Each structure stands twice: as C-alpha cells, then as structure tokens.
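Working notes, structure below.
The values are calculated or read from the model by the stated rules, or taken from the named source; none is laboratory data. Note that this is a predicted model, so its numbers are computed, not measured. Cβ placement follows ideal geometry from the backbone for every residue including glycine, while neighbour counts extend to all protein chains displayed. Ligands, DNA and RNA are stripped out before the accessible areas are found, and what is left, the full protein with its side chains, is counted by its heavy atoms. Shrake-Rupley method; radii C 1.70, N 1.55, O 1.52, S 1.80 Å.
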Amino acid sequence: MKKIRNRANTIVEQKETRLAYPYALWSLIFIVVPLILIVYYSFTRKTDDGGILFTLENYRQAFDPLFLKVFTRSFVLAGIATFLCVIIGYPVAYIISKAKISRRDSLILLFILPMWMNFLLRTYAWIAILGKNGLLNSLLGFFGLTPNSILYTSAAVLLGMIYNFLPYMVLPIYTSLQKLDEDLVNAARDLGANTVTVFRKVIFPLSIPGVMSGVTMVFMPCVTTFAISRLLGGGKTMLVGDLIEQQFTTVGDWNLGSSISMVMMVIILISMAFMNKVDKDERQGGKV
C-alpha cells in the first residue's frame with residue numbers, strides 16, 4: 001500500500017513538473033535572455049574598428065554627477081509618493097475593511113475600476129485637469145482664486161504617481177486588515193484599551209505586512225516610471241526611467257542604458273531586501 005502511494009505521488013509530481021515547462025520556457029525567453037543581454041551590453045563597448053571591448057567605462061559614466069542628480073530626484077519623488085500613498089491609502093483600506101460585508105466588494109470594485117482603463121489614458125486625463133485652462137484652474141477661478149497651472153512640474157508628476165499607484169497600496173493593506181483576528185481587538189478593549197490604543201498597539205502592528213507589501217508595490221514602479229514624468233512633467237522632470245528610455249531610443253547608447261539599468265536593478269534589490277528584513281522583524285516581533 002505504501003509503495004502504491006509513493007508511486008502515485010511520483011506520478012503527480014511528474015505531471016506538475018511537466019506543467020511547469022511552458023512557464024520555464026517563457027521565463028527563459030523573456031526574462032533570463034534579456035537580462036543576460038543587458039549584463040553583456042553594460043560591460044561592453046564597440047571599438048572604432050567594429051570590435052567588442054569589455055570595459056567598466058559604462059558604469060563610470062552611469063555614476064556621473066549629472067546622472068546621480070536624476071537618481072536622487074527619482075528616489076525623492078518615489079519616496080514622497082509612497083509615503084503619501086500610505087497616509088491616504090491606509091484610512092481608505094481601513095474604512096473598506098470595516099464596511100458591511102455586502103458593501104465591501106462593491107467598494108473595492110469602485111476603487112479599482114479606474115485601473116481597468118489604459119494607464120496612458122488615465123495619465124492623459126490629468127493633463128486636461130491640471131492644464132492652464134483645465135478643470136482645476138476653472139474651479140479656482142470660480143471661487144475667485146488666482147489660477148496657477150501645476151502641469152509640467154514635479155508636483156504634477158507626484159500627483160500622477162499617487163493617482164496611478166494608490167490602489168497597489170490599498171489592496172495589500174485591505175487584505176491584511178481583512179485577515180485580522182477580531183478576538184485580539186476585542187481582548188484589548190476588554191482590558192481597558194481605548195480606540196487609539198487598540199489601533200496603535202494591535203491593529204497597525206498586525207497590518208504592517210500589508211503596509212510593507214504596498215510600499216514595495218508602489219515604490220518600485222514610481223522609481224522606474226517614465227510615462228508619468230514625460231506626460232505630466234513635460235520633459236522638465238527627468239527620472240531614471242526617462243534616462244534609461246532616452247539612452248535606448250533617442251541617443252542609441254545601449255551600453256550606457258544597460259549599465260544604468262543594472263545600477264538601478266541592484267539598488268532595487270537592496271531596497272527589497274531591506275524591506276523584507278523589516279517585514280520579517282515585524283512578524284517575529286508580533287509573534288513574540
């Protein structure tokens with residue numbers, strides 16, 4: 001009987017392995033091979049006679065002070081956008097999680113409904129809102145305030161980041177709050193804790209994994225975006241994504257573009273490792 005069971009398990013594992021073949025092939029073609037090409041281009045340069053020279057010159061150029069300013073601007077804007085997404089998204093997720101069960105799905109649907117629209121169309125809509133003769137200035141003029149267009153500024157880029165990536169902050173937090181054990185909240189209240197203390201000592205610490213997931217899902221796209229900064233920044237607010245895209249499509253320097261991409265990839269991996277460590281520490285602290 002044991003041999004038959006082991007044989008059955010082996011057959012199931014073999015079938016599962018075969019089912020993974022298409023995914024493995026897809027990953028090889030569209031992830032591994034492009035990554036190898038980027039690494040190759042980042043360490044090579046064409047010589048005058050058409051040969052290939054392995055060099056670190058691309059990375060030296062990637063750390064040029066001018067490019068470092070772009071890196072700094074990208075991380076500052078992404079950090080501010082992520083922080084504001086937490087400030088805005090947490091109350092929204094909390095309110096939805098506390099709504100009646102019959103209304104939760106409808107609220108979530110209404111919140112993520114704009115995500116079904118094309119990313120560029122959603123961003124283009126803000127041009128009409130923030131423009132000189134847009135909806136925002138029309139409202140300001142109606143109330144007697146001086147119109148002031150923020151289009152093609154860092155503020156417009158920041159607003160575009162928050163609008164486009166806010167759902168990615170709300171959904172993980174909402175999921176964490178949904179899984180929260182209500183018995184812990186009730187126990188804290190029975191012990192005399194008020195609403196603020198319950199939130200500070202119980203609800204928020206237990207929802208930290210959702211917050212960290214949201215931070216990861218918002219911060220990374222904000223750092224690497226180029227569509228938002230191009231449309232709402234008008235080319236005046238260059239981010240790392242714009243810099244990389246420019247090297248590949250406009251300048252034609254694939255080697256420098258690849259080296260900047262590799263530097264960005266390493267920074268993102270370090271950031272993810274740091275956030276995972278913080279998340280792990282929070283989980284262990286919660287268990288204790």
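Below, the figures for the structure above:
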| quantity | calculated |
| --- | --- |
| Charged-residue dipole, Cβ positions (Lys, Arg, Asp, Glu), region 170-251 about Cα centre, Debye nearest 20 | 220 |
| Cβ-based charge dipole, region 9-123, positive-most Cα from Tyr41, Cys85, Ile31 | Cys85 |
| Relative contact order (%) - criterion: Cα under 8 Å, at least six apart; region: the chain | 25 |
| Normalised contact order of region 35-186, rounded percent, pairs of Cα under 8 Å and 6 or more residues apart | 26 |
| Under 5 Å, built H, 5+ apart or other chain: amide partners of Thr44 | Thr55 |
| Per residue, in Å², the accessible surface of region 169-232 once ligands and nucleic acids are set aside, probe 1.4 Å | 48 |
| For region 99-104, 3J(HN,Hα) per residue [Karplus equation, 6.51 cos²θ - 1.76 cosθ + 1.60, θ = phi - 60°, Hz, x = Gly/Pro] | 6, 4, 4, 5, 9, 4 |
| Near-label residues of region 255-270 by backbone N, under 14 Å of a point 7 Å along Cα→Cβ of Phe63 | 260, 263-264, 267 |
| Carbon and sulfur %, accessible surface of the chain computed with the full protein complex present, 1.4 Å | 67 |
| Heavy-atom accessible area per residue - region 19-151, 1.4 Å, Å² | 70 |
| Normalised contact order of region 42-130, rounded percent, pairs of Cα under 8 Å and 6 or more residues apart | 12 |
| Electrostatic dipole magnitude of the chain [Cβ: Lys, Arg +1; Asp, Glu -1; Cα centre; debye, to 20] | 900 |
| Extension gain (nm, one decimal) between Lys46 and Lys277, 0.36 nm per residue minus Cα-Cα | 79.1 nm |
| Label selected from (i) 25.3; (ii) 14.7; (iii) 16.5, the criterion being mean projected area of the Cα convex hull in nm² as computed here | (i) |
| Cα shape, region 67-201, gyration tensor, a/c 1.5 rule | prolate |
| Estimated FRET transfer efficiency (Phe119, Ile80; beta-carbon r; R0 25 Å; 0.05) | 0.75 |
| Charge-dipole axis of the chain as Lys and Arg at +1 and Asp and Glu at -1 on Cβ define it, positive-most pick from Gly234, Met262, Ser176 | Ser176 |
| Karplus-derived HN-Hα couplings along region 110-125 (A = 6.51, B = -1.76, C = 1.60, θ = phi - 60°), whole Hz, x at Gly and Pro | 5, 6, 8, 4, x, 5, 6, 7, 4, 4, 5, 5, 5, 6, 4, 4 |
